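A.B. asks: First, the structure itself, so that you have it in front of you.
The values are calculated or read from the model by the stated rules, or taken from the named source; none is laboratory data. All of these numbers come straight from a predicted model, not from anything done at the bench. Methodologically, a virtual Cβ is constructed for each residue, glycine included, from the backbone with ideal geometry; neighbour enumeration extends over all protein chains shown.
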Amino acid sequence: MRELASGVDALYLSGHGYLSKGFLARLDEERVFADRASVPVPFELGPLTLGLAPHGWGKYRYCLDHETGRIGFTSSRRLPSVRIQPRAEFLRSVGPAETVRHFNDLVRPFIEGLVLSVARLDLFVDMEGMQLCT
């Protein structure tokens, strides 16, 4: 057998901390516009413009999408404040360490006391020459 490729296929992050009241108010205000229009509205998050969806993401009330990934925010104390799912293309292009750094730098200014952790990590390996037995 020969390994052709291997690496990180998916990396999901979650972060505990406190969303600032000003940030929550801004999310609420823009979410109203998204609800009325029934389409994502532009939302500035640091240096990036993401699309704030008119719907949540599972248990996360606020869902923001960008070509680098999807971010969910919640004010619930029963869930992590932020959930992050980087896009596979972004993850593969910059690698896992830079992906974590990118999203940490992006959301940290809006979450007091942020502790970011890996919620899920999927690995892959592509092999050739493996003999299957029946």
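A.B. asks: Consider Arg108 carefully, then state whether it is on the phi < 0 side of the Ramachandran plot, buried (at least 18 other Cβ atoms within 10 Å of the Cβ) and basic (Lys, Arg).
C.D. replies: Against the criterion (on the phi < 0 side of the Ramachandran plot, buried (at least 18 other Cβ atoms within 10 Å of the Cβ) and basic (Lys, Arg)), Arg108 does not qualify.
A.B. asks: Something else: Are there any pairs, at least 6 apart or on different chains, whose C-beta atoms fall under 7 Å, with the first in region 18-39 and closer than 19 Å to Pro80 by Cβ and the second surrounded by 12 or more Cβ atoms within 10 Å (Cβ to Cβ) and of a type in the set (Val, Ile, Thr), and if so, which?
C.D. replies: Tyr18/Ile111; Leu19/Ile111
This table checks each residue for (1) loosely packed, with under 15 Cβ neighbours inside 10 Å; (2) over 28 Å from Leu19 (Cα atoms); (3) touching a strand residue (DSSP E or B) at 6+ places or on another chain (Cβ under 7 Å).
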{"residue": "Gly95", "(1), (2), (3)": "yes, no, no"}
{"residue": "Phe103", "(1), (2), (3)": "no, no, yes"}
{"residue": "Val115", "(1), (2), (3)": "yes, no, yes"}
{"residue": "Arg120", "(1), (2), (3)": "yes, no, yes"}
{"residue": "Met127", "(1), (2), (3)": "yes, yes, yes"}
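A.B. asks: Which numbered condition trips up Thr49, out of (1) farther than 28 Å from Leu121 by Cβ; (2) surrounded by 17 or more Cβ atoms within 10 Å (Cβ to Cβ); (3) of a type in the set (Ser, Thr, Tyr)?
C.D. replies: Result: Thr49 fails condition (2) only.
A.B. asks: Every residue in region 48-58 that is part of a loop (DSSP other than H, G, I, E, B) and under 16 Å from Phe23 (Cβ atoms), please.
C.D. replies: Within region 48-58, no residue meets the criteria.
A.B. asks: May I pose another question? Filter region 59-92 for residues that are touching a helix residue (DSSP H, G or I) at 6+ places or on another chain (Cβ under 9 Å) and exposed (fewer than 15 other Cβ atoms within 10 Å of the Cβ) and give the result.
C.D. replies: If the condition is that a residue be touching a helix residue (DSSP H, G or I) at 6+ places or on another chain (Cβ under 9 Å) and exposed (fewer than 15 other Cβ atoms within 10 Å of the Cβ), then Glu67 is the only one that fits.
A.B. asks: Specify the residue that is nearest to Pro109 (Cα to Cα); the eligible residues are those in region 1-47 that are in a strand (DSSP E or B) and aromatic (Phe, Trp, Tyr).
C.D. replies: So, considering only residues that are in a strand (DSSP E or B) and aromatic (Phe, Trp, Tyr), the one nearest to Pro109 (Cα to Cα) is Tyr18.
A.B. asks: Is region 122-130 home to any residue that is without any contact (Cβ under 8 Å) to a residue 24 or more places away in the chain, farther than 17 Å from Leu11 by Cβ and part of a loop (DSSP other than H, G, I, E, B)?
C.D. replies: Looking for residues that are without any contact (Cβ under 8 Å) to a residue 24 or more places away in the chain, farther than 17 Å from Leu11 by Cβ and part of a loop (DSSP other than H, G, I, E, B), one finds none in region 122-130, hence no.
A.B. asks: Also: Taking Glu3 and the conditions (1) surrounded by fewer than 14 Cβ atoms within 10 Å (Cβ to Cβ); (2) at pLDDT 95 or above, which numbered condition does it fall short on, given that it satisfies the others?
C.D. replies: Only one criterion is unmet by Glu3, namely (2).
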